[in-house]
């Protein structure tokens, strides 16, 4: 369960995320669990593709969220084809090992300082979604796994 402060901060930052995703043919849905969202994302070069990312915050803005891809809203995360083929997006481990996810910071304690440290300034929710979209639009995106 997340704090009231986390819920209120997420609600305050949510509209900017919705607007950003709409610009990129995506959507944002709140999950029944407070602090959890579904971001539906489309790669720029493959608009027919749709990825379902579950973004779950425990302490917003103070810590990164858990981010995992699923085969649909409420679906399974352990399906290779639900995951984009991008370096750091790890099937088998079913996580994203990058400095914008709770999973990445859990593996790399060294990311807690320096240029990779989590920043709680601005709108971190928007930054996480922009990072996901950037990765899907980037040169390292190689379609879906499996």
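Some notes on this structure:
- Tail beyond 18 Å, pair distance distribution of region 63-107 (Cα, percent): 23 percent
- Extension reserve of the residue 119-residue 107 stretch, reckoned as 0.36 nm per residue once the Cα distance is removed: 2.5 nm
- Value of [θ]222 nm, deg cm²/dmol, for the chain, DSSP H segments ≥ 4, -39500 (n - 2.57) each, nearest 500: -8500 deg cm²/dmol
- With both labels modelled 7 Å from their Cα along Cα-to-Cβ, the residue 18 to residue 71 distance reads 3.1 nm.
- The fewest-to-most ranking of 136, 8, 40 by surrounding Cβ atoms within 10 Å reads 8, 40, 136.
- q = 0.10, 0.15, 0.19 Å⁻¹, the chain: log10 I(q)/I(0) [Debye, one scatterer per Cα]: -0.31, -0.72, -1.20
- Annotation for region 91-146 versus region 1-29: alpha-carbon center distance of 17 Å.
- Each listed q (0.15, 0.24, 0.25 Å⁻¹) maps to a log10 I(q)/I(0) for region 86-125, found by the Debye formula over equal Cα scatterers with no solvent: -0.37, -0.81, -0.86.
- Modelled spin labels at residue 50 and residue 134, positioned 7 Å past Cα toward Cβ, are 2.7 nm from each other.
Every number here is computed from the coordinates shown, using simple stated rules; none is lab data. From a predicted model like this one, the values you see are computed outputs, not experimental measurements. Cβ: placed from backbone, ideal geometry, glycine included. Neighbour counts: every protein chain shown.
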